[in-house]
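Reading through the structure tokens given below for one structure.
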Amino acid sequence: MIRALPGVAAALAVAGLTLGTLVVVALRAEGVARLGPGDWAAIRFTLVQAALSAGLSVALAIPVARALARRRFAGRGVLITLLGAPFILPVIVAVLGLLAIFGRNGALSSVLGWFGLPPVQVYGFHGVILAHVFLNLPLATRLILQGWLAIPAERFRLAATLGLAPRDVRRLLERPMLRSVVPGAALVIFLICTTSFAVALTLGGGPRATTVELAIYQAFTLEFDLGKAALLSLVQVAICACAAVIALGAAVPAGFGAGLDRMIARWDAPRGWRRLADGAIIAAAAAFLLLPILAVIADGLMALGGLPAGVWKAAGRSVLVALTAAALALALALPLALLIQRAGRFGGLIEPVAYLSIATSPLVIGTGLFILLFPVANPVALALPVTAVVNAAMSLPFVLRALMPALRDAEAAHGRLADSLGMTGWARLRYLLLPRLRRPAGFALGLSAALSMGDLGVVALFADPAQATLPLALYQLMGAYRMDDAAGAAVLLLGLSLGLFWVFDRGGRLNAAA
Amino acid sequence: MRYPIIAAGLFATSLPAAAQDTPVLTIYTYDSFVSDWGPGPQVEARFEETCGCDLQFVGAGDGASLLSRLRLEGARTDADIVLGLDTNLMSAAADTGLFGQHGLPEVAYDLPIAWDDDIFVPFDWGYFAFVHDTTRTPVAPGDFVALAASDLSIVIQDPRSSTPGLGLLLWVQAAYGDRAGEIWDGLSDNILTVTKGWSEAYGLFLDGEADMVLSYTTSPAYHLIAEDDPTKAAAPFAEGHYMQVEVAAKLASTDVPELADAFLAFMVGDGFQDVIPTTNWMYPAVTPDAGLPEGFGTLIQPETALLYSAAEAVKAREQALPVWQEALSR
């Protein structure tokens, strides 16, 4: 048996960080401030943009997923893998890429200029929506594609044998599947977009495009109105919690029954113009998702050599924060996972604790920590450790999700043998579990480090420009319109985020004891 | 778990070394003051010639962000002096209780207003104005109503983070009072974007993203003198122009009070003041012996100067900010 104490301590730490800071914030908000017209506008904007972003992402993802599901072409696997990449793509790099393509001085405006058309305007409401669709279209596509691939291949073969027209395939197979998959996908994206901070900070144009998360930041850093920041934090948590609960409840089983789980060529895939249309859809989606990133890389590689020393120092700080956050996340997740596994049926009661950070937001936790720290220390001097702690809490759900299945498998396969040998405590962890957790732990560390590396959230709250992380330094360069340096910093950030993920993920696979 | 321990060690080493021979004077100021082309480098070099100290400027966003930064850090701040607040923020700044009295003898200021304050010391002043490029916008609007009716795009700054942004808020409030909401409603479709600070807004304007930018009547002097470019002009507005007096003050918590006092005395002397016109592009608080540079004669001279007293400005801001937010969030 493994002692429960570390697991209980980890659970308490996570609860303290999420619920504890929320209580601190709530006490502070009590009777201090009232929501003004600007705050109501922020709430409206948050809900409207999240709904629109989710709706558009899903609506655009359906044709892309359908095309990917029924066509086979060279590079299909790579493209589907790349659809997973935006998860660890730093948001600020994505924003810079979108500016390079859709900005006033971007490629699209140049093309429009050849035809005598005015340049496009990317700041404000539609810029925020554009960025959210860019960041979430891949996720939506992957979720819906899974839905398509979950329809047993035999159903499509039957449809082809019966000579069903595409219209009938849509009615009998695809629509029921979409009905079960799309609401969940849309709600997940809605939830992600309600906590949008970096996009609104960089592309939002003043009061017209302010999310609640951004309003917390403004109340905090611009007006130092802690009461209002706290009140807005409660609003933010209420929105997130509602969205999270609805998202969990929206998963509807599809009921296609089981097939033989084979990959087959889709004979039913319509030919002729539909084939061309599918090709065009895939090409357009790939161009929309890849061109901005390629534009940043093209702009930035040249500037990489001439980056100011401050950017390299910021990169060093970011790597440090990312490594600390990843280590912390694992240090919390491992005891938690062991505790959940050990508690058996009661594990279901502990597991939600780890997911609390999904229902709260980095800025809410940051606000709470600030209120706690301020009386005893200079919070600005503690900006980096606080950022690492908050980033660890935010990536904890993903880390735990990566560890749990492997842990369950290991215990199911070898647990009874280990029990009969009286293998408990450290020995059980060292010889039975850790070798089997190596791969998922490597993946989880990589994910956590990459997420932390690219994060522009709580660090902006405590910001000391001289102690900036790389995403913050990049934001400052953008603010100063030093676009060459910004592109260089973006390439560095992109490289470091992907590099950290690769190193850990790879490290987990190397010499993994079978 | 070795990582947190290593990290803790590395975090600790990134803190500034505490024990140093020369005393350090830390001054928080706005970004454009410390930029390579701003007054910061020259001021630093000149003061360090005589003070036997290490003067460190720390850029912390635009003027109004300075105050937020100080409130965030509280009495534990490293700052000894804050340079770059203005009269509109003085009352709020004094209320924090973080600032100490300057103890300067009486100074013969060349300000358009009488100055008597025992905490804040003025270092320059100017009038806010919308600046445009005469080649792109040959005829500029003559007041806010005409600007709102035009289809010119403008960039302004957030009054919560930027002193020019706050100046514009109070300008409209002082000129239109209860009708300020109408003016902002009318302006809202002209506003391309609201930036956090002056530097971002002026950068957007120079990149050609907007037709006009909120800046100062003195801004064209920069283009004329430094770049030999006569195409930038400030538009005179019939309502009058809101004035800004920029100030510095000493933190009560400073560990080098004598040095801070010495800097404030240096600040109102020639060594600092004759750098201001051609680096900060504002009118000096004490006109240097050599007078103003030549190009300053070509600048527009507002007929009416608008300015709230520090106490009035707080009330006017409280009244005007929700109106601004509401008009611009529609």
Inset, instruction - Report A:L407's accessible area, 1.4 Å probe, all protein chains in place, as a number in Å² to the nearest 10. - result: 0 Å²
Legend entry - Under the Debye formula (equal points on every Cα, no solvent term), log10 I(q)/I(0) of chain B at q = 0.07, 0.10, 0.15 Å⁻¹: -0.30, -0.59, -1.25
Legend entry - q = 0.10, 0.11 Å⁻¹, the protein assembly as shown: log10 I(q)/I(0) [Debye, one scatterer per Cα]: -1.13, -1.33
Inset, instruction - With a bin width of 10 angstrom, please list the P(r) values of segment B:244-309 as percents of all Cα-Cα pairs, from the 0 bin to the one holding the largest distance. - result: 17, 39, 31, 11, 2
Inset, instruction - Sticking with the crude label model, points 7 Å out along Cα→Cβ, report the distance from A:W273 to B:T134 in nm, one decimal please. - result: 5.9 nm
Inset, instruction - Just tell me, in residue order, which DSSP H segments of chain A are both 27 angstrom or longer along the helix axis (alpha-carbon based) and at least 0.0 in mean Kyte-Doolittle hydropathy. - result: A:37-70, A:125-150, A:175-194, A:226-249, A:273-303, A:309-342, A:383-420, A:434-454, A:483-509
Legend entry - Most mobile listed residue (B:L192, B:L85, B:L251) in chain B, GNM with C-alpha springs under 10 Å: B:L192
Legend entry - Estimated distance in nm for a label pair at B:T96 and A:L294, the labels positioned 7 Å out from Cα along Cα-to-Cβ: 4.9 nm
Legend entry - Sites B:I300 and B:A108, calculated FRET efficiency, Cβ-Cβ separation with R0 25 Å, nearest 0.05: 0.40
Inset, instruction - Taking the Cα centre of chain A as origin, sum charge times position over the Cβ atoms of Lys and Arg (+1) and Asp and Glu (-1), and report the length of that vector in debye to the nearest 20. - result: 1780 debye
Inset, instruction - Grab the beta carbon distance between A:A85 and A:F125, set R0 = 41 Å, and tell me the FRET efficiency rounded to 0.05. - result: 0.95
Legend entry - Values of log10 I(q)/I(0), in the order q = 0.18, 0.19 Å⁻¹, for segment A:400-462 under a Debye, Cα-only, solvent-free model: -0.69, -0.73
Legend entry - Two-decimal ratio, segment A:402-514, of alpha-carbon radius of gyration to 2.2 N^0.38 Å: 1.54
Inset, instruction - Report, to the nearest 10°, how far helix B:3-13 tilts away from the longest principal axis of the Cα atoms in chain B, using its own Cα long axis and a range of 0 to 90°. - result: 90 degrees
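Could you tell me the calculated FRET efficiency between B:D189 and A:R509, based on Cβ-Cβ distance and R0 = 51 angstrom, to the nearest 0.05? Show your work: numbers first, answer last.
On the way: r = 56 Å, r/R0 = 1.10.
Efficiency, from the Cβ-Cβ distance: 0.35.
Using only DSSP helix segments of four residues or longer, with each worth -39500 (n - 2.57), what per-residue ellipticity at 222 nm results for chain A after dividing by its residue count and rounding to 500? Can you show the working numbers first?
Values: 23 runs with 369 residues, N = 514.
Taking each H run of at least 4 residues, the total per residue is -24000 deg cm²/dmol.
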Inset, instruction - Run down the lysines and flag those whose C-alpha is under 29 Å from the C-alpha of B:K232, throwing out any fewer than 8 positions away in its chain. - result: B:K196
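How much length would be gained if the chain were fully extended between B:S35 and B:E48, taking 0.36 nm per residue of separation minus their Cα-Cα distance, in nm to one decimal?
Values: separation 13, 0.36 × 13 = 4.68 nm, distance 1.80 nm.
Difference between extended and current length: 2.9 nm.
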Legend entry - Residue-span extension gain [A:W40 to A:A26] - 0.36 nm each, minus C-alpha spacing: 3.2 nm
Inset, instruction - Subtracting the Cα-Cα distance from 0.36 nm times the residue separation, let me have the gained length for A:L349 to A:A241 in nm, one decimal. - result: 37.1 nm
Legend entry - No Cys partner within the rule (Cβ under 4.7 Å), the protein assembly as shown: A:C193, A:C240, A:C242
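Taking only the alpha-carbon atoms of segment A:302-454, what semi-axes of the equivalent ellipsoid follow from 5 times the gyration tensor eigenvalues under a square root, in whole Å, largest first?
35, 20, 13
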Inset, instruction - Send over a whole-number figure in Å² for the accessible area per residue of the protein assembly as shown, probe 1.4 Å. - result: 41 Å²
Legend entry - Ratio of Rg to Rh over segment A:1-149 (Cα coordinates, Kirkwood Rh, two decimals): 1.12
Inset, instruction - Return the Cα extents of segment B:152-265 along principal axes one, two and three, sorted largest first, each rounded to a whole Å. - result: 50, 42, 25
Legend entry - Loss of accessible area when A meets B, both sides summed, Å² nearest 100, probe 1.4 Å: 3700 Å²
Legend entry - Label point distance in nm, A:L429-A:A165, each placed 7 Å from Cα along Cα→Cβ: 6.5 nm
Inset, instruction - Tally up the carbon and sulfur contribution to the accessible surface of chain A as a whole percent, 1.4 Å probe, everything protein left in place. - result: 68 percent
Inset, instruction - Please state the charge dipole magnitude for segment A:379-514, taken about the Cα centre, from unit charges on C-beta atoms (+1 on K and R, -1 on D and E), reported in debye and rounded to the nearest 20. - result: 680 debye
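Counting only Cα atoms, I'd like the Rg/Rh figure for segment A:5-47, Kirkwood definition for Rh.
Numbers: Rg = 15.9 Å, Rh = 12.8 Å.
With Rg and the Kirkwood Rh in hand, the quotient comes to 1.25.
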Legend entry - Share antiparallel - DSSP beta bridges, the protein assembly as shown, percent rounded to 5: 60 percent
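The values are calculated or read from the model by the stated rules, or taken from the named source; none is laboratory data. A quick note: this is a predicted structure, and the numbers were derived from the prediction, not measured. Backbone-built Cβ (ideal geometry, glycine too); neighbour counts: all protein chains shown. Keep in mind that these areas ignore ligands, DNA and RNA; they rest on the heavy atoms of the full protein, side chains included. Shrake-Rupley method; radii C 1.70, N 1.55, O 1.52, S 1.80 Å.
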